[in-house]
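Please find one structure pasted underneath; my questions will follow.
The values are calculated or read from the model by the stated rules, or taken from the named source; none is laboratory data. Keep in mind that what you see is a predicted model, and the values were worked out from it rather than measured. Cβ: placed from backbone, ideal geometry, glycine included. Neighbour counts: every protein chain shown. Note: accessible area is taken over every heavy atom of the protein model, side chains too, but ligands, DNA and RNA are not part of it. Shrake-Rupley method; radii C 1.70, N 1.55, O 1.52, S 1.80 Å.
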Amino acid sequence: MKRFALIFISAFAAVSVSAQETYENANVATQDLNGTARYVGMGGAMDALGADISTIATNPAGIGLFRHSAVNVSFGFVSQQGGKSFADGNKTNASFDQAGFVYSRRTGRSSFLNFAFNYHKSRNFNYILSAADALNGASQNKLSYLKGAEGVFDVFENNGTLIADNNTFSQVDYLYYNALLSDENGDFYYNNANGYMLNRANSGYIGEYDFNISGNINDRVYLGLTFGISDVNYKGYGEYTENLLAADGTGVGGVTIADERRISGTGFNVKAGIIFRPVEASPFRIGLSVATPTWYDLTTSNYTALYNNSSVGMYDSGEIGEAYDFKLYTPWKFGVSLGTTFGNSLAVGAVYEYADYGSLDSRVNTGGGYDWYYDEYYETSSGDRAMNSHTERTLKGVSTFKIGAEYKPDSKLAIRIGYNYVSPMYDDYGFKDGTVNSPGSYYSSTTDYTNWKATNRITCGVGYTVSKFSFDLAYQYSVQSGDFSPFMNYYASAEDGPEYDNISNAVKVDNKRHQLLLTLGYHF
């Protein structure tokens, strides 16, 4: 077997710098609707109603409405509708979703000071993506060839392997140039393809650990502050296969790129909120909240291999890998909410949230030093201007609308319903641009991307209370569609002509998810 291997090393940078690209960053920055079964059953529309521990992460003032100490734990199942098992990915997975407590202490006749801690799974990465379509004269390996031929980078030999002179030469380009695009004479050529198939299994989660202090003033104004720590654990494995063609259009076999990527690390954020009742005699209340960016310090690694089962190219296998640290700062988030109750039988709430994901800040680690005064090491970073400019063009502001209601036919039984609409994050014309001169492009090991559309969530649930114990069950159905592309479209220069264009059609994919969630609670 003809094989080559290399740990990816920059040929032009004396100090290793690194950053992520837009689509990977967006995957880490987004959040799911998750928490207690009561919170999920009402669609998360509880920011002004409060008195549920899940509001610790959305409007911290909601913890100030507790009048008793309480403890909750939540778990259940998440299932992908229509998905197929691939690699280590399964359509249905058990999930531990939440655990926390509130300690409530009376400080006056109608005032309380509360302390709370809560863990919840803010992001569940479990998802299997499958896509396939025809390729009419386009191919992923042709894209790599054209990037060099059109002068995006210059290819040269270093220690027996082909590398390039700038950040646009990705790990995918490296594999193609060394295994498929060159021959023994040093000449370069490419192959068209008549179709592709991709399967990818994502798994993992982001766990958020929230610490809260909150209280109320005369049962009319409620204030809260939450400090949050996020723990990222992501793994993705995918296989992309193209069916290659000879110059006369006959099939010559296939080439597969198998890629595994892991992302791990931690981040922190601060959230603040206020709830107030404008009319003393009315239960109607208004909530306002703000959350700082989550400042992530992350590590990513990949192992990527090419398997050439065709009759073309120099090698029939190759591999490459890299591990590096980077920073990511998510956008600020703002929320406004309304809520009221009608007697002891009905509660309704509504929430609006906004975050500008075009302002995601992908940062390059630039060095560091030692602080003798504090006896600690520190690390410096700067914004990746090229990738952040691409992010600003590709992602946009997201509005989230939540409404929900809870009806109690008697004091022990509760029936809940909710709905969410999350506007699209991706611009219709956005794409994963492999020509961005950024470390995020240089370390990229995939070329595909999906422009996801709006998300719709429908929720419902029931709750039952026995003495000081509560049992809550919720169901959530989430649906989102998107446009998948195996690689960016590339248009050759006018002098080369349209035969050097490399254009693929986007195909529809979806993410339909069912969640069943059970919460056990005790108040005292």
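Could you work out what % of the accessible surface of the chain is carbon and sulfur, using a 1.4 angstrom probe and leaving DNA, RNA and ligands out of the count?
Carbon plus sulfur share of accessible area: 56 percent.
If one computes the Cα centroid of segment 157-232 and of segment 87-122, what distance in Å separates the two points?
Centre-to-centre (Cα) distance: 30 Å.
Given Cβ point charges of +1 (Lys, Arg) and -1 (Asp, Glu) and nothing else, what value in debye, to the nearest 20, does the dipole of segment 43-187 about its Cα centre take? Provide the component values of the computation, followed by the final result.
Numbers: 10 positive and 13 negative charges, 349 e Å.
With Lys and Arg at +1 and Asp and Glu at -1, about 1680 debye.
Compute the accessible area per residue over the chain, keeping the other protein chains in place, probe 1.4 Å, unit Å². Please report the intermediate quantities before stating the final value.
Details: 22320 Å² over 524 residues.
Dividing the accessible area of the chain by its residue count gives 43 Å².
Hey, what do the phi angles of segment 407-421 turn into as Karplus ³J(HN,Hα) couplings, whole Hz, using 6.51/-1.76/1.60 and θ = phi - 60°, x for Gly and Pro?
10, 10, x, 8, 5, 9, 10, 10, 10, 10, 8, x, 8, 10, 10
Okay, moving on. Suppose every Lys and Arg Cβ carries +1 and every Asp and Glu Cβ carries -1, with no other charges. What dipole size does the chain come out with about its Cα centre, to the nearest 20 debye?
That gives the chain a dipole magnitude of about 3420 debye.
Then there's this: Quick one: Cα centre-to-centre distance for segment 328-343 and segment 432-483, in angstrom?
Here the two parts' Cα centres lie 18 Å apart.
When Lys and Arg each count +1 and Asp and Glu each count -1, what net charge do the other residues less than 13 Å away from Asp154, Cβ to Cβ, add up to?
Computed value for this residue: -3.
Please report the net charge: other residues with Cβ closer than 13 Å to the Cβ of Phe227, K and R +1, D and E -1.
With Lys, Arg at +1 and Asp, Glu at -1, the net is -1.
So, by mean Cβ neighbours within 10 angstrom, what's the order for 295-303, 438-446 with the highest one leading? Spell out each step's value before the answer.
Values: 295-303: 18.6, 438-446: 25.1.
The packing order, highest mean first, is 438-446, 295-303.
Okay, next question. Can you compute the charge dipole magnitude of segment 174-299 about its Cα centre, using +1 on each Lys and Arg Cβ and -1 on each Asp and Glu Cβ, nothing else charged? Give it in debye, rounded to the nearest 20.
The calculated dipole for segment 174-299 is roughly 960 debye.
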